[in-house]
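This report concerns only the one structure given below.
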Amino acid sequence: MKKDSWKGFDEEQVASITFEDFLKRIPSGNRRTLLRLKLNPRLKKFIEKVREVKKKNAKKVIKTHVREAVVLPEWLGLTFGVHNGKEFKKVEITLNKIGRRLGDFSHTTGRVAHSGPGVGATRGSKFVPLK
């Protein structure tokens with residue numbers, strides 16, 4: 001049976017990884033976002049809110065509009081409600097989601113399933129009776 005891991009770390013090691021070590025192992029765009037927390041007070045406030053909620057009740061769904069937040073290792077096992085423009089989609093943080101952004105897991109566009117053409121849409125259907 002294959003054991004889940006993130007960049008060679010198992011679940012226990014990921015939970016104890018230092019912030020500097022974590023920054024070395026994520027993509028550069030996400031790294032810059034985390035290094036510029038002073039410039040983004042909304043993101044900094046959200047990270048503090050997550051830490052408070054985790055201390056009080058880790059089972060609670062944390063609703064957020066902050067789609068640009070990078071998933072931190074300390075969030076492992078938490079559940080977020082990420083807004084996609086219409087509703088809050090549930091996102092449970094697992095090993096494969098660490099280092100990515102919350103918005104990556106709550107898509108803003110849905111699948112469009114088209115049916116056949118309507119009456120009058122083509123030349124052949126111009127004279128088809130409605131009933």
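Every number here is computed from the coordinates shown, using simple stated rules; none is lab data. This one's a predicted model, so the numbers in the text were calculated from it and none came from an experiment. Neighbour counts are summed over all protein chains in view; Cβ atoms, including those assigned to glycine, are modelled from backbone coordinates with ideal geometry.
Structure data summary
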| quantity | calculated |
| --- | --- |
| Residue in the stretch 26-38 that is in a loop (DSSP other than H, G, I, E, B), closer than 29 Å to Asp4 by Cα and β-branched (Val, Ile, Thr) present | yes |
| Residue list for the stretch 4-24, restricted to those being assigned to a loop (DSSP other than H, G, I, E, B), in contact with a helix residue (DSSP H, G or I) (Cβ under 9 Å, 6 or more places away or on another chain) and not acidic (Asp, Glu) | Ser5, Lys7, Ser16, Ile17 |
| Test: Leu102 is in contact with a strand residue (DSSP E or B) (Cβ under 6 Å, 6 or more places away or on another chain), closer than 30 Å to Lys2 by Cα and buried (at least 17 other Cβ atoms within 10 Å of the Cβ) | yes |
| Per-region count, the stretch 54-84, residues assigned to a helix (DSSP H, G or I) and surrounded by 15 or more Cβ atoms within 10 Å (Cβ to Cβ) | 4 |
| Answer residue from the stretch 78-128, given it is of a type outside the set (Lys, Arg) and in contact (Cβ under 8 Å) with a residue 60 or more places away in the chain and is nearest to Phe9 (Cα to Cα) among those | Leu95 |
| Subset of the stretch 9-42 that is of a type in the set (Phe, Trp, Tyr) and more than 19 Å from the chain's Cα centre (by Cα) - its residue that is farthest from His65 (Cα to Cα) | Phe9 |
